[in-house]
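Take this structure, written in structure tokens, and hold onto it; I'll ask about it next.
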Amino acid sequence: MAKLVVQVVDASDLMPKDGQGSASPFVEVQFDEQRQRTQTKHKELNPYWSETLVFNITNPSDLPHNTIVVTVYNDRKDGGHGHSRDFLGRVKISGVSVALSESEADVQRYPLDKRGMFSHIKGDIGLKVFAVHDGSGFTAPMNATSFEQAREETPLQEINTNKLDDEEVKIDEKKKKKKEKEVRVFHSIGTGGGGGGGHNHPLPPISSGFGSEAHYMKEKSPVVETRADFAKAGPTTALHMQMPKQNPEFLLVETSPPVAARMRYRGDKTSSTYDLVEQMHFLYVSVVKARNLPVMDVTGSLDPYVEVKLGNYKGVTKQLEKNQNPVWNQIFAFSKERVQSNLLEVILKDKDFAKDDFVGKVGFDLTEVPLRVPPDSPLAPQWYKLADKKGDKSHNTGEIMLSVWVGTQADESFPDAWHSDAHNVSHQNLANTRSQVYFSPKLYYLRVYVMEAQDLVFHDKGHVAETVVRIHLGNQVRITRPSQMRTINPMWNEELMLVASEPFEDLIIVSVESRISHDKHDILGRTYVPVRDVPPRLETTKLPEPRWLSLHKPSLAEEAGHEKMKEKFSSKILIRFVLDAGYHVLDESTHFSSDLQPSSKHLRKSNIGILELGVLSAKNLLPMKSKEGRTTDAYCVAKYGSKWIRTRTLLDTLNPRWNEQYTWDVYDPCTVITIGVFDSHHINGKDDVKDQRIGKVRIRLSTLETDRIYTHYYPLLVLTPSGLRKHGELHLALRFTCLAWVNMVAQYGRPLLPKMHYVHPIAVRHIDLLRYQAMQIVATRLGRSEPPLRREIVEYMLDVDYHMWSLRRSKANFFRIMSLLSGVTAVCKWFNDICTWRNPITTCLVHILFLILVCYPELILPTIFLYLFVIGIWNYRFRPRHPPHMDTRLSQADNAHPDELDEEFDTFPTSRPTEIVRMRYDRLRSVAGRVQTVVGDLASQGERAQAILSWRDSRATAIFIFLSLIWAVFLYITPFQVIAVLVGLYLLRHPRFRSKLPSVPVNFFKRLPAKSDMLL
């Protein structure tokens, strides 16, 4: 008969369920109305079973249509059957995926699924599933007789110096004579020695599918033993011990690159500035100019350009037309790792239609090229006489000014040089491959107080319509509410907020409009105010006085400032403009903001430290241009504060090595640096395509130890509509140096945002809109740079869509809350165990501590803070050793449903078909209905509390106030310590004196009236 074999290896990162931060898991496997289970691993969140469960396959042809259900439970009681249990997760395996032999089967990691949308489940389980037939290589666990035969044939033996107690369980037996043979019972629990609780609890026989009989082994010698589990599949069991508890693809990998700071190498001058990256040597060639060049064309002109050749690499300068004394001032950099020749040739040519003419050349032997290391001064260029093709310099072929040296990436010529990595890029697109530093524009909040208008002139003089004021600033538009008075002198008294940026070149357009219909307005007047004329305000200084502005007709409004434009009559509007410089303009979420300084430089504090970032390399990048026959043109972008950096673009490689280092001033340790990797699509001058995102990393500075160097490979994870994808790994080096310890410690006691955010807070309804407008301004300004930092990059780095609805993110936030509440639940569970005397010794100790604190109440607060101190010291050894990174499990990204991801990446407004939108709306209604029920229950509890003294239930209120009077008298005449002792002993009373029914106060509270019965 065919058999189905399920080997339960282990599980990792299970959810604590026993209220003490642990669990006692066991696995139950169900197949074709057959059910078997493993043993229970007590107090173990990463259990190791290595047990084999065997099921009968009635009809092998039906196997692909069957399902194997593997469920992990928490054993509430230590062993036994028929007891209560908690759900820890399950896995459903289709019969189609079952291997047909043991050799074809591998151990697979399965993430544990949930029973419902809001189930609190995490972790994964390792299983090996395969089917066998009669005569196959798979053998069942052996009994005593068969083991004796196997023992004689198996040469595998083990010296009895290991800890056999980790693998074996002894049975109790009577003592015999020393010459008699001992009998030990061995269970098939593998060779790993894992599984918690093996020493404290006797293990029951483990079901293997063939029965739960014990397997005996007789010990021939007290020194040498033969083990059945070593005679069986030993190599497979050995692999189980090395299985990662989490998916290794999404974890950090610590490295030890040969950087100067880590090696404490001080032999090179660059170690002080470029000590977080590996030194890369380049051959620099500076082509400055030429003079006295000969005439090559019949027309008597010369169109010179220079070729710099080194092996297979060739760099070309710009072509200058009709110039015998050209000036280029171009620098070329050749990576010494790719140097294929010892001869450098600088060839000057004349551009021609058919074939370019040779003018002259200069050759250099690389062994004679000098080495230059900053801070040495730049190498002075020299005049070199051009030689002909034969190397003869006697002819008058002119001279060329050059400088050639070997340097590193610390050279000041490195950012502007032409690199051999971009040898096939034109001069027009060469700027798109260079490293650059950008700065965000300085942003301000523009506050507009619209008060009133006078003497408005309506086109329909017999009808006075509703009026509104529209404010334009660049692409920003704000509209007031309609005036409540339909008159020619309307009043609004409304405040509007916009975002302005330096330099203040924009105009504020103020328009007063009358509403003719829902979507049609008639402009009554318009005026223009330059932003540079708006007075600034620092912190809580007095607001400037409002101004009366003249409203002109739209066609004449632009000329209103000229003297020749004079009107006898014009409408007026009273308005106040304020440029608030005391706020910090948020262009990224406050949860991972990199800058919290106010706009005004006069209000900024001095820096407390320096952040140094070394962008070393990347590996295993996905080919983003496989359809074009190329791989990836990768570059990095990092953002911290107002400073953005962009590394050079390395072409057509999946393992780029940048080795570039940058620094930032740090003003607040509770900030985040963001590093992103992108694939450039603008190398060939394409402007209609977007650069593709490869992944990004966020690192919070407060999690970094000062003066420590962190070098890790960070996984580049991107969430796409098809699921979570890893696009490679980014190698970074980080160091946070503190310059002022006192200021940094004091920073933890200061407000997170500037003073104005708390004195005059911004309305919540404005924050998201202002943040979006600030991001648009930053993206537009950085897009004007050369090379431009494009809009899709800025939006990805600033998380412009972070506030959009996402069911995946909502579930992640829900589980974050549940994780926080699990601590409170654990405390309540511990207190309940104390009250129910589950552990009498602990309960007695709590009684003693309680009585001591009642007798000496002055010890309560010292005891609490001492307890916190001890817990903090105890947790110090468990502190994180690595910087934070993107957590896929916390983000609910590793097992997100495809429809949830499709909804998350949907446009706004939606572009999906009506049926899908209806289904998602119904799902949202279902979730909202549950939330509505929970909120209603909370409201009912609060209304019951209000009803105690509101006489809604007169009898209940009378009972309560009468008992309150009795308690007031009793508490007055009784010492407080006596009352505390009585209440404490009542709460900690023995279960023998407890009832399963609710207490009288609970019953009284639940009987109080709520307003739920008054709802329609």
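To keep it simple, each residue is scored yes or no on (1) surrounded by fewer than 18 Cβ atoms within 10 Å (Cβ to Cβ); (2) over 37 Å from the mean Cα position of the chain (by Cα); (3) under 22 Å from ASP365 (Cα atoms).
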| position | (1), (2), (3) |
| --- | --- |
| LYS390 | yes, yes, yes |
| HIS395 | yes, yes, no |
| SER403 | no, yes, yes |
| ALA410 | no, no, no |
| ALA431 | yes, no, no |
| SER435 | no, no, no |
| ARG447 | no, no, no |
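Within the bounds of segment 616-631, is there any residue that is touching a Lys or Arg at 6+ places or on another chain (Cβ under 9 Å), of a type outside the set (Ser, Thr, Tyr), assigned to a loop (DSSP other than H, G, I, E, B) and surrounded by 23 or more Cβ atoms within 10 Å (Cβ to Cβ)?
no
Scan segment 642-652 and give yes if some residue there is touching a residue at least 12 places away in the same chain (Cβ under 8 Å), of a type in the set (A, V, I, L, M) and either assigned to a loop (DSSP other than H, G, I, E, B) or out of contact with any strand residue (DSSP E or B) (no Cβ under 8 Å at 6 or more places or on another chain) (or both), otherwise no. Don't jump to the end; show me each part of the working.
Start the filter on segment 642-652 by keeping residues that are touching a residue at least 12 places away in the same chain (Cβ under 8 Å), which leaves 642-652.
Restricting the remaining residues to those that are of a type in the set (A, V, I, L, M) gives 645, 650-651.
Imposing the further condition that a residue be either assigned to a loop (DSSP other than H, G, I, E, B) or out of contact with any strand residue (DSSP E or B) (no Cβ under 8 Å at 6 or more places or on another chain) (or both) reduces the set to 651.
Scanning segment 642-652, I find at least one residue that is touching a residue at least 12 places away in the same chain (Cβ under 8 Å), of a type in the set (A, V, I, L, M) and either assigned to a loop (DSSP other than H, G, I, E, B) or out of contact with any strand residue (DSSP E or B) (no Cβ under 8 Å at 6 or more places or on another chain) (or both), so the answer is yes.
Looking only at residues that are at pLDDT 90 or above and charged (D, E, K, R) in segment 791-816, which one is surrounded by the most Cβ atoms within 10 Å (Cβ to Cβ)?
Restricting to residues being at pLDDT 90 or above and charged (D, E, K, R), the top hit is ARG791.
So in segment 654-693, with the set limited to residues that are under 13 Å from GLU792 (Cβ atoms) and acidic (Asp, Glu), which one is surrounded by the fewest Cβ atoms within 10 Å (Cβ to Cβ)?
Taking segment 654-693 as the starting set, the residues that turn out to be under 13 Å from GLU792 (Cβ atoms) are 676, 678-682, 687-693.
If we keep only those that are acidic (Asp, Glu) as well, we get 679, 687-688, 691.
Working: ASP679: 21, ASP687: 8, ASP688: 6, ASP691: 22.
Looking at the filtered set, the residue picked out is ASP688.
Identify all residues within segment 632-655 that are of a type in the set (Gly, Ala, Ser) and closer than 10 Å to ASP679 by Cα; write none if there are none. Break it down stepwise before answering.
First pass over segment 632-655, keeping only residues of a type in the set (Gly, Ala, Ser): 634, 638, 641-642.
Passing the criteria: only ALA634.
Kindly indicate which of GLU563, GLU545, GLU559, GLU567 is surrounded by fewer than 12 Cβ atoms within 10 Å (Cβ to Cβ) and modelled with pLDDT of 85 or more.
Going through GLU563, GLU545, GLU559, GLU567 in turn, just one is surrounded by fewer than 12 Cβ atoms within 10 Å (Cβ to Cβ) and modelled with pLDDT of 85 or more: GLU545.
Tally time: how many residues in segment 635-674 are in contact with an Asp or Glu (Cβ under 6 Å, 6 or more places away or on another chain) and over 30 Å from PRO754 (Cβ atoms)?
5
A further question follows. Could you say whether any residue in segment 478-490 is in a strand (DSSP E or B), in contact (Cβ under 8 Å) with a residue 12 or more places away in the chain, in contact with a Pro (Cβ under 9 Å, 6 or more places away or on another chain) and buried (at least 19 other Cβ atoms within 10 Å of the Cβ)?
no
Let me ask something additional. Which one of these is within 32 Å of the chain's Cα centre (by Cα) and over 30 Å from LEU849 (Cβ atoms): ARG918, ARG944, ARG952, ARG1007?
ARG918
Tell me yes or no: at least one residue of segment 238-250 is at pLDDT 80 or above, of a type outside the set (Ser, Thr, Tyr) and either surrounded by 18 or more Cβ atoms within 10 Å (Cβ to Cβ) or under 30 Å from TYR48 (Cβ atoms) (or both).
Within segment 238-250, one or more residues are at pLDDT 80 or above, of a type outside the set (Ser, Thr, Tyr) and either surrounded by 18 or more Cβ atoms within 10 Å (Cβ to Cβ) or under 30 Å from TYR48 (Cβ atoms) (or both).
Follow-up. Go through segment 833-849 and give me each residue that's free of Cβ contacts under 8 Å to residues at least 40 places away in the same chain and among the polar types (S, T, N, Q).
Scanning segment 833-849 gives ASN839, THR842.
On to the next question. Which residue out of LYS289, LYS322 is at pLDDT 75 or above, at positive phi and out of contact with any Asp or Glu (no Cβ under 6 Å at 6 or more places or on another chain)?
LYS322
Does GLY984 qualify as being assigned by TED's automatic domain parsing to the domain that holds TYR856, surrounded by 13 or more Cβ atoms within 10 Å (Cβ to Cβ) and either in contact (Cβ under 8 Å) with a residue 40 or more places away in the chain or not basic (Lys, Arg) (or both)?
Yes.
If you don't mind, there's one more thing I want to ask. Consider VAL406 carefully, then state whether it is among the β-branched types (Val, Ile, Thr), in contact with an Asp or Glu (Cβ under 9 Å, 6 or more places away or on another chain) and not in a loop (DSSP other than H, G, I, E, B).
Working: among the β-branched types (Val, Ile, Thr): yes; in contact with an Asp or Glu (Cβ under 9 Å, 6 or more places away or on another chain): no; not in a loop (DSSP other than H, G, I, E, B): yes.
Criteria not met by VAL406.
Look through ARG944, ARG952 and report the one residue that is surrounded by 11 or more Cβ atoms within 10 Å (Cβ to Cβ) and not in a helix (DSSP H, G or I). Lay out the reasoning, then the answer.
Details: ARG944 fails: not in a helix (DSSP H, G or I).
The match here is ARG952.
The values are calculated or read from the model by the stated rules, or taken from the named source; none is laboratory data. The structure displayed is predicted, hence computed values, not measured ones. With ideal geometry, Cβ positions are generated from the backbone for all residues, glycine too; neighbour counts draw on all protein chains shown.
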